[in-house]
Amino acid sequence: YYLTQDLGYSTEDASLIYGTFLAVAYVTPILGGWIADRFIGRSAAIVGGALLKMAGYIGLLFGANVTGCLAAIVIGNGLFLPTLPATLGALFSPNDPDRQRSFSFYYLAVSAGALLAPLICGTLGENFGWRYSFLASATGLAAAIVIFLAGRHLLPPDRPAAASHPVDEAPVAATSQSVIP
């Protein structure tokens, strides 16, 4: 609605932009999880991803380039989304009975957010203007960042990328020997 009502895009163009945005938003968590695991760590991915998403919504709030803002939101989503359950999983041993309850609560909260966010933001956008919708999204992300940073000391530390992926050199030495007599 924002693209057609406020920016004057045709329905076809708006549908293409929104469909592309959603498709890329579903793919980027694969790359974002890899970046978090190999290079920057979970905490940096969560905070950096939330900040990127927030910047995208603030950009939309002030009428910045839509493509750049949507790119920031998608990249932020790719960093933010996969690292949350990984961080939750790091809190428990695999056999801990609280692990399953925690994941159940996490997915319940995610589902509630997925239900409420479009209702709240859509209502704000339709009744008061889309800028209020973007402001609500940015405010929610800011609150999430503050809550995460306030509780980060309770989380296990991120493992350095080199320590989380040790290289075993024994198989390399074995493959360099000829097995043909």
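The values are calculated or read from the model by the stated rules, or taken from the named source; none is laboratory data. For clarity, every value in this text was computed on a predicted model and none was experimentally measured. Glycine also receives a Cβ, built like all others from the backbone with ideal geometry; neighbour counts cover every protein chain displayed. Accessible surface is based on the protein model in full, side chains and every heavy atom, while ligands, DNA and RNA are left aside. Shrake-Rupley method; radii C 1.70, N 1.55, O 1.52, S 1.80 Å.
Table: residues versus (1) without any contact (Cβ under 8 Å) to a residue 60 or more places away in the chain; (2) within 26 Å of Ala44 (Cβ to Cβ); (3) surrounded by 14 or more Cβ atoms within 10 Å (Cβ to Cβ).
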position	(1), (2), (3)
Arg99	yes, yes, yes
Tyr106	yes, yes, yes
Ala112	yes, no, no
Ala138	no, yes, yes
Leu149	no, yes, no
| field | Answer from Val24, Val66 - the residue that is surrounded by fewer than 21 Cβ atoms within 10 Å (Cβ to Cβ), out of contact with any helix residue (DSSP H, G or I) (no Cβ under 6 Å at 6 or more places or on another chain) and touching a residue at least 12 places away in the same chain (Cβ under 8 Å) | value | Val66
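Name the one entry in Ile73, Ile46, Ile58 that is open to solvent by 60 Å² or more (accessible area, probe 1.4 Å) and either touching a strand residue (DSSP E or B) at 6+ places or on another chain (Cβ under 7 Å) or at pLDDT 95 or above (or both).
Ile58
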| task | Determine, yes or no, whether Asp168 is at pLDDT 90 or above, over 21 Å from the mean Cα position of the chain (by Cα) and surrounded by fewer than 14 Cβ atoms within 10 Å (Cβ to Cβ). | result | no
| said: It is to be established whether one or more residues within the stretch 30-40 are charged (D, E, K, R), open to solvent by less than 40 Å² (accessible area, probe 1.4 Å) and part of a helix (DSSP H, G or I). | reply: no
